[in-house]
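The values are calculated or read from the model by the stated rules, or taken from the named source; none is laboratory data. In this text the structure is predicted, and so the values were computed from the model without any measurement. Every residue, glycine as well, gets a Cβ built from its backbone with ideal geometry; the counts of neighbours run over all protein chains shown.
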Amino acid sequence: MAQMTDKQIQQTRFRVGELQKRIAVLEATREDLERQIRKLSDSVPEDQVDANEQRDGYVAYGSYAKSVIARKENLRRSLDDIIGQTSDIAVDLRHQLDALDSYERVRARRMARDAEKQQARVMS
């Protein structure tokens, strides 16, 4: 029984570590996507652009603007997916942390009980 709980604790700690790594990667990806969106917004502000507009020095500014706007929309969709994945993993992480806490409480009670038995043997 003790080995089973120790093994469960070890497995759960591993899962917690893996989930934390995945969340860190997703957070870094989210930050990068947000940075890319800001950069594209600075390049072509959607609310100030006419897709058919011509600018001095730019032969096809309208098509460039359309491509930037489409890219921003794709990045926003990716960002929404990343946020959803992060949320799902955070829920799973919370469950794993709760399970780990439960296993560790069981282990602590067992260790206290064993210590009490040892103390009783020494006293008698």
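Summary of computed values
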{"quantity": "Complete set of residues in region 1-24 that are among the aliphatic types (A, V, I, L, M), surrounded by 14 or more Cβ atoms within 10 Å (Cβ to Cβ) and under 15 Å from the mean Cα position of the chain (by Cα)", "calculated": "V16, L19, I23"}
{"quantity": "Flag for I37 being assigned to a helix (DSSP H, G or I), among the hydrophobic types (A, V, I, L, M, F, W, C) and modelled with pLDDT of 90 or more", "calculated": "yes"}
{"quantity": "Which numbered condition R113 fails, given (1) surrounded by 13 or more Cβ atoms within 10 Å (Cβ to Cβ); (2) out of contact with any Ser or Thr (no Cβ under 7 Å at 6 or more places or on another chain)", "calculated": "(1)"}
{"quantity": "Selected residue [over 24 Å from K7 (Cα atoms), without any contact (Cβ under 8 Å) to a residue 40 or more places away in the chain and not polar (S, T, N, Q)] from V91, V122", "calculated": "V122"}
